[in-house]
Structures are given as C-alpha cells and as structure tokens.
Amino acid sequence: MSDAAAVPEIEQRPEMHLAVVRETVPFDRIPELYDRAYPKIFAALEAAGVTPAAAAMGVMHGSPSADGLDLSVAVPILHPLAESDGEVTIETLPSARTATLLLRGDFSGLSAAYEKLYAWISDQGEQPTDIAWEQYLTEPEPGGDPASNETLIGVQLAGG
C-alpha cells in the first residue's frame, strides 16, 4: 500500500548516465524483462570495472502503446561506458526539473502513485515531458516484506 501522506515535490535533478537494456514490452512481460536485464547489466558493469552510482531504475519513454511500454531497465553509472556489448547500451537522462513522489510499499501501488503525481503536476500548472522513471531505493528480497519497499518515482518537466 502506498503512503497516502507522501507529498510530491519539484527538484532539479542532475544529468544521469545509465547502463540499460531497452525494449518495448507488453505490460504482462515487464517483470520478465527486469529479471533478464539486470543480470546482463551488472555483468557488463563488472566486466568494465564499473560500480553502480545509485539504486537501479526503470525509465519509461513516451506513452504506452498497443505494443506495450518503451522501457529502459537501468543502472546509474558515473560515466558512460567506452563500449557496449550490444544488448546493454548507454542512455543519458538530461538535467531536468523533475516532479518526484516517494512510494512506500509494494509495487501494486505504482499505478496509483503515478496517477497522484501526474494530477499534482497538472494542478501545479506544469507540463510533463515524455520521460518518467522509478528508482528502487530498497532492493526487493525473496521472502522480504513488500511493505518495506521504497520507490522514488519521477516525471521530468518541460521548460527547464
């Protein structure tokens, strides 16, 4: 369950380099993409001698379509990799004003949290761009309590 008391805010986020596996994926296959992508990303980073710079992420590009969601399964890194292995590539999120909201609880609350954040953005007179992301501040553990998960969601804003 999400934290109903969580309040969105706008912050200036710095440019962020990401090692990613990006695909357009049907909604029912999103967990499969994450399960397949993270081992590949972490193996590529280890082979390059690169340590993650922050918690893992998922970055959504544009709006969902009939084909699914254009999704980058991502790990932040300090500098772009010199080479990619083909499936693991590099993306850079630009520095941007970003509306953020912290979700506490299991992932079933993500949809409601995004609805709350987008409604808040509109109420503030702001315009979202086509980039939204979620950063998994607590790593889910097998057998762990999903209620203890913390996920920061963000939507980049137009004009800055």
Problem set entry | Other-chain or far-sequence residues with amide H under 5 Å of Ala56's (modelled H) | Tyr136
For this session: Sort the stretch 45-160 into rounded, prolate or oblate with this rule: let a ≥ b ≥ c be the square roots of the eigenvalues of the Cα gyration tensor; rounded if a/c is under 1.5, and if a/c is not under 1.5, prolate when a/b is larger than b/c, oblate otherwise.
Result: oblate
Problem set entry | Length-normalised contact order of the stretch 1-153 in % [C-alpha pairs under 8 Å, at least 6 apart] | 33 percent
Seminar exercise, completed: Stretched fully, the stretch from Ile10 through Ile90 gains (0.36 nm per residue minus C-alpha distance, one decimal, in nm) 26.2 nm
Exercise. What is the magnitude of the charge dipole of the stretch 32-102 about its Cα centre, with +1 placed on the Cβ of each Lys and Arg, -1 on the Cβ of each Asp and Glu, and no other charges, expressed in debye to the nearest 20?
Worked result: 300 debye
Exercise. Taking square-rooted eigenvalues a ≥ b ≥ c of the alpha carbon gyration tensor, is the stretch 45-100 rounded, prolate or oblate, where a/c under 1.5 means rounded and, failing that, a/b exceeding b/c means prolate?
Worked result: oblate
For this session: Could you tell me what percent of the accessible area of the stretch 4-137 is made up of carbon and sulfur, with a 1.4 Å probe and every protein chain present?
Result: 54 percent
Exercise. Want the number for His61 to Gln124: 0.36 nm per residue separation, take away the alpha-carbon distance, what's left?
Worked result: 20.4 nm
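The values are calculated or read from the model by the stated rules, or taken from the named source; none is laboratory data. Treat the numbers as computed from the prediction; the structure is a model and nothing was measured. Neighbour counts are summed over all protein chains in view; Cβ atoms, including those assigned to glycine, are modelled from backbone coordinates with ideal geometry. The protein model used for the area step is the full one, side chains on, heavy atoms only, and it has no ligands, DNA or RNA in it. Shrake-Rupley method; radii C 1.70, N 1.55, O 1.52, S 1.80 Å.
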